[in-house]
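Input: a single structure, listed below in structure tokens.
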Amino acid sequence: FNGSKGHIAHADAVASNDDRRIASSEQVPKKKKVVLLGTGWGGMSFLKSLNNTNFEVQVVSPRNFFVFTPLLPSVTCGKVEARSIVEPIRNIIRKKNVNISYSEAECVKIDPNNKKIYCRATIDSHSKGEEVFAVDYDYLIIAVGAQVNTFNTPGVMENCHFLKEIDDAQKIRKNVIDSFEKASLPNLSDEERKKILHFVVVGGGPTGVEFAAELHDFVNEDVVKLYPNVQDLVKITLLEATDHILNMFDKRITNFAEQKFGRDGIDVKLGSMVTGINENEISTKVRGNGEKTSTPYGMALWSTGIGPRPLIKEFMKQIGQGNRRALATDEWLRVEGFGNIYALGDCATVNQRKVMEDISEIFRKADKDNSGTLTVKEFQEIIDDICERYPQVELYLKNKQVRNMVDLLKEAKGDAAKESMELNIEEFKSALSEVDSQMKNLPATAQVANQQGAYLAKCFNRMEECEKNPEGPPRFRGTGRHRFHPFRYRHLGQFAPLGGEQTAAQLPGDWVSIGHSEQWLWYSVYASKQVSWRTRALVVSDWIRRFIFGRDTSG
Ligand code: FAD
Ligand code: MG
Ligand code: MG
Ligand code: MG
Ligand code: MG
């Protein structure tokens, strides 16, 4: 009897212990949950910079590694090994003091009303990965990138190679080498060999151009020694729908690249639209005269641009952003209309605010004494805020070669400026009427995604502080000094490797240079940008190996 009473007493004691434990765990505030979609440039950069331990992070991505995409073209012909440019995501998160978990799955649906996403595991191909699981979030960060865009051209999906993922690069490499082996078999006519060795690149952007250059180097440096009999039958064609390749670069680079490719024997066909492709032939139409041709080819790479992934298309429809090419966010990278969903990188685009939309409010807030006119002093006090809030202003001043905003206003006032420098609203408007013409969408590059990821991590690192003050500059929205700066992109320059150990570099301030030393700059920049010492060592040793022994052509 006693014993059982004691037992009960003991049970009570246990229960009250449990209660106490529950009570004390309730006092520790539950960590806010951040769900991150994607382990590419945007996602990786966010993870690397995040150090706020008040968050619990769950990463969801079908790919458990990060790919250093700028070196993907180098993998296609064996200059660099595939393994050297990937970093396991678990290597990255294990080094963090933040609680981060990873699930190998793809997000298939976002439910912003219930703060949930739905995911499908992508690991087990036997179970077809049909089980869908839900994940709750407090904050959602969408960094799923984009997918290739075929513009619905018939036959592209079935017959073309793409260069987006590490598998793609490996497939291309195998296919390139197979082509040379195939063309070297006996019993083939020269026509057949020529067809097999006709490589077509569709799209004259940086990826297409770099692949063409890599392939050309491969033929000149290695094929001549390894497949001397077929060397003269190789042909590389680059098809570009517009008037020039490398459109986003300075004219000098475009011209140099076109001339170099001409000398190298790469057939650059400008104004050439691909209308269809089957197993044997690629059909093109010349822009302008509409002339159609079909050419036999052996291998084709499609690299004409990107489009939104199905998940993003669906989500945009859901939230009334249909018919867009990317998710629109504000300058704090929050998806328009949602305070707790962020999007960055190739899947997103920042909606920048126009000065002219806010002009009356700017004027009103600047006109402290409500006189209906702005004095130079009143104006000078808001210049910094205007420049920060509207990046286009600085660009405009630079392009117009106006020294500062005050000069701009003087100009708007004209002769009247001599008598008085006070501006009324109409004069203020006309002074700033053209600044918005300088707004540009940010390019879909690793550089942008990388900076956005780091920016967002900084915001999350200071979230507690920022939540008290979530909105932008005080004078135009609310009051108080803002702590939460809008995202600002800093362009650090861009490279275009052109083959033959020559690279074109376009650095900020339109500084353009092309040549062999730029290739060395390229090597050092890309070595330094590696995400870990491990991949850095691997990439550099691949480069050295290739210099000494040439490319590895097994496959
Ligand atoms: P990504 O890096 O593409 O990452 C997207 C991630 O999301 C991936 O991990 C993917 O697996 C994951 N994902 C996809 N779907 C889902 C889903 N449904 N749920 C969850 N996760 C998902 N940029 C430069 O600045 N300089 C260069 O030299 C350069 N060279 C390039 C060369 C090549 C060949 C290519 C293809 C691109 C190059 N870029 C370069 C562009 C750059 O790679 C992209 O702009 C950049 O990768 C964008 O980063 P992101 O994080 O938005 O997307
Ligand atoms: Mg990403
Ligand atoms: Mg990537
Ligand atoms: Mg973008
Ligand atoms: Mg005034």
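Other residues with beta-carbon under 13 Å from the beta-carbon of ALA457 carry, at +1 per Lys or Arg and -1 per Asp or Glu, a net charge of +4. Among the GluC sites (Glu not before Pro) found in the stretch 288-369, those both in a DSSP coil and sparsely packed, with 10 or fewer other Cβ atoms within 10 Å of their Cβ, are GLU291.
Rounded to the nearest 20, the size of the Cβ-charge dipole of the stretch 486-555 about its Cα centre is 340 debye, with Lys and Arg at +1 and Asp and Glu at -1. Local charge for ASN280 was computed over the other residues whose Cβ lies under 13 Å away, with Lys and Arg +1 and Asp and Glu -1, and equals -3. Per-residue packing, averaged as other Cβ atoms within 10 Å, sorts the ranges 535-544, 71-80 into the order 71-80, 535-544, beginning with the highest. Peptides 162-170, 281-289, 192-200 ranked from most to least packed by the mean count of surrounding Cβ atoms within 10 Å: 192-200, 162-170, 281-289.
With both residues required to sit in the chain, DSSP beta bridges show an antiparallel share near 55%. Farthest towards the positive end of the charge dipole of the chain, among the residues GLY493, ASN64, GLY320, is the Cα of ASN64, using unit charges on the Cβ of Lys, Arg, Asp and Glu. In order along the stretch 358-364, phi translates into HN-Hα couplings of 9, 4, 5, 5, 4, 4, 4 Hz, rounded to whole numbers, per the Karplus curve 6.51 cos²θ - 1.76 cosθ + 1.60 with θ = phi - 60° and x for Gly and Pro. In the stretch 214-296, taking the dipole from charged Cβ atoms about the Cα centre, the farthest positive-side position among HIS216, SER272, ILE282 is held by SER272. Amide H contacts under 5 Å for LEU238: VAL201, ASP267, VAL268, LYS269, restricted to partners 5 or more places along the chain or on a different chain, H placed in the peptide plane at 1.01 Å from N.
What does the charge dipole of the stretch 179-261 about its Cα centre add up to, to the nearest 20 debye, if the Cβ of each Lys and Arg holds +1 and the Cβ of each Asp and Glu holds -1? Magnitude of the dipole: close to 100 debye. Over the Cα atoms of the stretch 110-182, the radius of gyration divided by the Kirkwood radius equals 1.13; this is the Rg/Rh ratio. Subtracting the Cα-Cα distance of LYS31 and SER294 from their residue separation scaled by 0.36 nm leaves 88.6 nm.
Over all other residues within a Cβ to Cβ distance under 13 Å of THR39, the charged ones net out to -1, with Lys and Arg as +1 and Asp and Glu as -1. The alpha carbon gyration tensor of the stretch 231-272 gives principal lengths a ≥ b ≥ c with a/c of 1.5 or higher and a/b no greater than b/c, which makes the shape oblate. Farthest toward the dipole's positive end in the stretch 130-201, which of PHE180, VAL144, PHE133, given Cβ charges of +1 (Lys, Arg) and -1 (Asp, Glu) about the Cα centre? Comparing the listed Cα positions along the dipole, PHE180 ranks first.
What the phi angles of the stretch 192-205 give under the Karplus curve with 6.51, -1.76 and 1.60, with θ = phi - 60°, is a coupling list of 5, 4, 4, 4, 4, 9, 8, 9, 10, 10, 9, x, x, x Hz, glycine and proline written as x. Label sites at ASN404 and LYS317, each approximated as a point 7 angstrom past Cα along Cα to Cβ, lie 5.4 nm apart. Only Lys, Arg, Asp and Glu carry charge here, each on its Cβ (+1 for the first two, -1 for the last two); on that basis the chain has a dipole of about 1120 debye about its Cα centre. Distance between the pseudo-spin-label points of GLU394 and GLU434 (7 Å out from Cα toward the beta carbon): 2.2 nm. At the listed q of 0.09, 0.10, 0.11 Å⁻¹, the Debye profile of the chain, built from one uniform point per Cα, gives log10 I(q)/I(0) equal to -0.82, -0.97, -1.12.
Given the rule -39500 (n - 2.57) for each run of at least 4 DSSP H residues, summed and divided by the residues of the chain, what is its mean residue ellipticity at 222 nm, to the nearest 500 deg cm²/dmol?
-12000 deg cm²/dmol
The 3J(HN,Hα) values that the Karplus relation (6.51, -1.76, 1.60; θ = phi - 60°) gives for the stretch 132-141 are, in residue order, 9, 10, 9, 10, 8, 9, 9, 10, 10, 10 Hz. Gly and Pro appear as x.
Every number here is computed from the coordinates shown, using simple stated rules; none is lab data. Small disclaimer: the values here were computed from a predicted structure and weren't measured. Positions of Cβ are generated from backbone atoms using ideal geometry, with glycine treated the same way; all protein chains shown enter the neighbour counts.
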